[in-house]
There are 2 protein chains.
Amino acid sequence: MLLLRCCHSLTRFGPLNTQRHKVTPAVVSCAVRLWSSSSSEDRGSYQRSYGPRWRHGLAGLLAGSGAVLAYGLHHHKAEQQDSITVQTIEKTSAFPIISQEEVTTHRSLEDGVWVTYKGGVYDITEFVAMHPGGDKILLAAGGALEPFWALYAVHNQEHVLEMLSEYKVGELSAEDVKKQKAIKTSDPYSTDPERHPALHINNLKPFNAEPPPELLSDSFITPSAIFFKRNHLPVPQVDAASYQLHVEGLPGGVLTLSLEELKTRFPKHTITATLQCAGNRRSEMNKVKQVKGLNWGIAAISNATWGGARLRDVLLAAGYSPDVAQRAFHVQFEGLDKDVSGTTYGASIPLNKAVNEEGDVLLAYEMNGQDIPADHGYPVRAVVPGTVGARNVKWLGKIIVSAEESTSHWQQNDYKGFSPGTDWDTVDFKSAPAIQELPIQSAITVPTDGAVVDRSSEEVTVKGYAWSGGGREVVRVDVSLDGGKTWQVAQLRSSEKGQAPEPSPPPGRAWAWKLWEVTAPLPAEAQELEIVCKAVDNSYNMQPDTVPPIWNLRGVLSNAWHRVKVVIREDNNEE
Amino acid sequence: MLLLRCCHSLTRFGPLNTQRHKVTPAVVSCAVRLWSSSSSEDRGSYQRSYGPRWRHGLAGLLAGSGAVLAYGLHHHKAEQQDSITVQTIEKTSAFPIISQEEVTTHRSLEDGVWVTYKGGVYDITEFVAMHPGGDKILLAAGGALEPFWALYAVHNQEHVLEMLSEYKVGELSAEDVKKQKAIKTSDPYSTDPERHPALHINNLKPFNAEPPPELLSDSFITPSAIFFKRNHLPVPQVDAASYQLHVEGLPGGVLTLSLEELKTRFPKHTITATLQCAGNRRSEMNKVKQVKGLNWGIAAISNATWGGARLRDVLLAAGYSPDVAQRAFHVQFEGLDKDVSGTTYGASIPLNKAVNEEGDVLLAYEMNGQDIPADHGYPVRAVVPGTVGARNVKWLGKIIVSAEESTSHWQQNDYKGFSPGTDWDTVDFKSAPAIQELPIQSAITVPTDGAVVDRSSEEVTVKGYAWSGGGREVVRVDVSLDGGKTWQVAQLRSSEKGQAPEPSPPPGRAWAWKLWEVTAPLPAEAQELEIVCKAVDNSYNMQPDTVPPIWNLRGVLSNAWHRVKVVIREDNNEE
């Protein structure tokens, strides 16, 4: 399958390129070694970017700056089974020896664009126009690819190396290879924080992990340590004392706030809000047909209490007035996390969400009563309740009130939904709105798929979570033990077990999930249960029945009924 | 089936009652004649109210006042095939003759509660506790049932008469029957306006009708004459010159506005908004399992331009300030349409929808640039965009800012959604929120189910509408010709055909539907097409796949994928 995709990819490349030193297919196949990687997401993300059509992709994927030249070979650590071991391409003796000095002279389309990778020299001039990240690829011209690829593990796939091999023009001189190796190794992820060992890691660099489902539904408030983590870049090291938040685009000019000012100049508001990754439950879409993205289970969602200043208050302090809404429609967020080219993570939300008193958007500096942990945006992050995780920008550096949405890749060419009939040949990212509010969602956390229930237990307890975007309160969860033929209503919970339920939120401001539970007798005849859940919010939107009709090429918005199968074990020793 | 339900009903009654003069089953069956009615909604509604459990039902169903005594026998007009012909119960000679004078002395639980109906006298004392409308039934005590039943055709069903027959205690004296007949007949619906003959009538009294689907998608703005009509009561005759709107519950005391004041004291706002009945597409639920309510097709939805004062502005003029929101959470509307007991139609919406600048709630006096027609609320109605039709109260008489929702039947015990597993034995109306925002919806208007397409036409054009509640903009409609296996994206339209599209509405304020269209080649092999549509809004909520899992006992919120089957006719005369 992988090989087939790979061949397909090569077929498509064929007619587009005029390789100067084309490697024969036999050489390609022996020159490339497969990774022993369990991380399907990297393959996925890469193919998204380097799919058959080139206009869409990850801006800045292969971008860099002068500083990058100080970066040496990156050696992936093998401390986790999820990590990726990169093998060097076997050298052939068919290529001329080229010096770094010579490589350095090829830094433009006119002079040719050359790069080095693990001792090989590649003329990628003709690839530049096809690079999903646009001409940012030129930042790597005349130098090494390794620092960029260390940041975006997405490149570490066999077909990327195959493509690269087609552009090979020479071998870097032994002396220059030695020099490169001498440059001190550094890993932009080396300062990432320690993580809780219970987390299921979907990707190590950047770090993406989710808690085990059964832990998730144990607590109404998810402990920060097991709150799902979705980073797009290395975790930045931010010094709280020198931290500054810049607010731009308002009549008052740029407002710059220290962390202390943010805490003292504005009243602290606290909300309990659930965040969910757009890719939560993507793995179910992958089972229908492969999609591009991290292979999340059902736990890319968590619930926390957030404390901070209201964005509305800060915008008012920076000069916001209703007049502004005549010319500005978006609030852009920029993170302090950045790639080697200096491109920061970015996203935007509609201005009316930001300034509405009932929008409850926070510039949060507390999570569950403590300073926000490094993985969740220390010292300040946006919390945009009811809105997809991707807009809740962490390590917040800048807020820009603007007529335009964020121009970031993640706002423009990612995190959007498409028809199941749309593929990478036909997708037009401009045709779909950026995901903001998420649709109704629920999943079963207990029992897990494939679990065994003893007949003697006589009943089964089913647990899960339910949540909806846009502040729409979950009002009912239906549970079926027979694949959706008959339904019963689960009991909802909006507080820790045993505690009094929280008062019902005002309409449109139900930011927190509900946990639910139902205990039902084991059906007498059944040998297996197909347990299904579906939730309803107060707009009476419901989850769609099945995955295929909502399948989309990015595998986002996976909110069909959740199903787990459970085997009933007849136990003759019991009455 | 009908008979089965009827027997079931009798079975359940049995143990609850101690009939004084119990009629034998044989007498019951011969004493009762079936109606020749095509209106399933009346049967449905009645059963809703008089189902096996008695705590829920139509408040004021059997209520009245002194004035009611002036009302004589009601004779349903037979001018439409939908009208109901009521047959009299055959008299038996087993009962004593009782005078009206004697009946009149039984007007309380202590003295017994007697009523007359078509010459029979009934002691319904024991039924009072079971009456869904509560003790309002006592308003009819000592008098005739006919005026109440004339208003609520829901009573005109065989099993209601069966129930009544169980309570029979005598025959009204011939002289008193004559007196009753002498009272001038009057029909509360006789002043209802003329209607467009194209409308499909689902119920005549009160008037409920929808346009033919193919007309619906011809116009982005639905002409008022064919805009779907959903009345709960007779259309009131309102004199514009003496019309008064009362606004209560605010610090300024009661504000009373004439129509002229409403038009001149407040700026006129215009919005284009789609209204949809909660029961739209109920007929599809009825095919799964019978539900209670009008058997709407797919056209209980229409789109109009509404002009009027903003409710927000009127509430501010009446003394609204944010402080009010600390104690009040709802805005109740009372219509001027009323039943014989004086009970008016009523509903409420959340206060924050009413006062939010972006809520766009209007006190509308114009529809499509003209005075609002009588059927749509002349002279003033509430237009609550994004919200179920039932809250868009017509013939608006009173607005009450309150800590409580409207106590009306339609807010409390109707227009709510339940699990498919909930039946009339288990339903608890308090357990579900009143429908406000509606979920994502779409339907196919062209072709209609069962249509024939000639093979020679080579392609098929599919048209329809799509809309979502809560101001969520429809962003995509997927259409399938093969029952949902493969999908294509339809073209959306937000203006009249040939006109420039309206600018995109601000987020959360997309009140108008989108019309859509797709033309696709006829699949070569197919002999039949199962055309399916499903829409997506900008919260990325999607329609559920199938009807059974969203079935609910009231048949509301019917928004599964819409499906029509079309036959392809091979035509050998054509190439």
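The values are calculated or read from the model by the stated rules, or taken from the named source; none is laboratory data. Remember, it's a predicted structure, so these values are computed and weren't measured experimentally. Quick reminder, even Gly has a Cβ in these numbers, built from the backbone with ideal geometry, and neighbours come from all protein chains shown. Calculation scope for accessible area: heavy atoms of the full protein, side chains included, ligands and nucleic acids excluded. Shrake-Rupley method; radii C 1.70, N 1.55, O 1.52, S 1.80 Å.
Just a few scattered comments:
- Translational diffusion coefficient of the range B:334-468 (Stokes-Einstein, Kirkwood radius from Cα pairs, 25 °C, 0.890 mPa s): 137 µm²/s.
- With θ taken as phi - 60° and the Karplus curve 6.51 cos²θ - 1.76 cosθ + 1.60 applied, the whole-hertz 3J(HN,Hα) list for the range A:250-257 is 10, x, x, x, 7, 9, 10, 10 Hz, x standing for glycine and proline.
- Using 0.36 nm per residue and subtracting the Cα-Cα separation, the extra length available between residue A:225 and residue A:104 on full extension is 39.0 nm.
- Segment residue B:97-residue B:567, extension gain: residue separation times 0.36 nm, minus the distance between their alpha carbons: 162.8 nm
- Sites matching trypsin sites (Lys or Arg not before Pro) across the range A:448-519 that sit in DSSP coil, with at most 12 neighbouring C-beta atoms within 10 Å: A:485, A:497
- Per-residue 3J(HN,Hα) values for the range B:474-485, derived from phi via the Karplus relation 6.51 cos²θ - 1.76 cosθ + 1.60 with θ = phi - 60°, read 6, 10, 6, 10, 9, 10, 10, 9, 10, x, x, 6 Hz in sequence order (x marks Gly and Pro).
- Förster-model FRET efficiency, 25 Å R0, residue A:179 and residue A:111, C-beta, rounded to 0.05: 0.65
- Take the Cβ atoms of residue A:254 and residue B:270, set R0 to 51 Å, and the FRET efficiency comes out at 0.85.
- For the range B:182-285: rounded, prolate or oblate by the Cα gyration tensor [a/c cutoff 1.5]: oblate
- Computed P(r) (all Cα pairs; the range B:175-233; 5 Å bins; percent): 4, 16, 21, 16, 11, 9, 7, 6, 4, 4, 2, 1
- Along its first, second and third principal axes, ordered by size, the range A:268-385 spans 49, 35, 33 Å in Cα coordinates.
- Proximity of backbone amide H atoms, modeled 1.01 Å from N, is registered between residue B:397 and B:334, B:335, B:336 at under 5 Å, excluding neighbours fewer than 5 places apart on the same chain.
- Carbon + sulfur, % of accessible area of the range A:226-384 - ligands and nucleic acids excluded, 1.4 Å: 48 percent
- Gained length - residue A:448 relative to residue A:261, 0.36 nm times residue gap less alpha-carbon distance: 62.6 nm
- Stokes-Einstein D (µm²/s) once Rh is taken as the Kirkwood radius of the range B:392-504 over alpha-carbon pairs, at 37 °C in 0.692 mPa s: 174 µm²/s
- Scaled to the globular estimate 2.2 N^0.38 Å, the Cα spread of the range B:425-575, given as radius of gyration, is 1.20.
- With both labels modelled 7 Å from their Cα along Cα-to-Cβ, the residue A:404 to residue B:325 distance reads 3.4 nm.
- Taken about its Cα centre, the range A:219-370 carries a charge dipole of about 720 debye when Lys and Arg each add +1 at the Cβ and Asp and Glu each add -1 at the Cβ.
- With each label modelled as a point 7 angstrom along the Cα→C-beta vector, the residue A:459-residue A:520 pair spans 1.3 nm.
- For the range A:343-413 and the range B:317-363, distance of Cα centres in Å: 35 Å
- Cα Rg over Rh - the range A:203-354, Kirkwood: 1.01
- Exceeding the 21 Å Cα-Cα cut-off - candidates A:263/B:353; A:205/A:338; B:292/B:514; A:287/A:565: A:263/B:353; B:292/B:514
- Other-copy label distances relative to residue A:193, 7 angstrom Cα-Cβ extension, nm: 6.4
- Using a simple spin-label model with pseudo-atoms 7 Å out from Cα toward Cβ, residue A:242 and residue B:431 lie 6.0 nm apart.
- Shape of the range B:488-547, Cα gyration tensor, a/c cut at 1.5: oblate
- Cβ-Cβ distance of residue A:287 and residue A:488, R₀ of 25 Å, FRET efficiency by 1/(1 + (r/R0)^6): the value works out to about 0.40.
- For the range B:549-558, putting each phi into the Karplus relation 6.51 cos²θ - 1.76 cosθ + 1.60 with θ = phi - 60° gives couplings of x, 10, 3, 9, 4, 9, x, 9, 6, 7 Hz, in residue order, rounded to whole numbers and with x for Gly and Pro.
- Across the identical copies, how the residue A:456 labels are spaced - nm, sorted shortest first, 7 Å along Cα→Cβ: 7.6
- Per-peptide average of other Cβ atoms within 10 Å, ordering B:349-361, A:550-562 highest first: A:550-562, B:349-361
- Computed across the range B:250-328, the Kirkwood hydrodynamic radius from all distinct Cα-Cα pairs reaches 16.1 Å.
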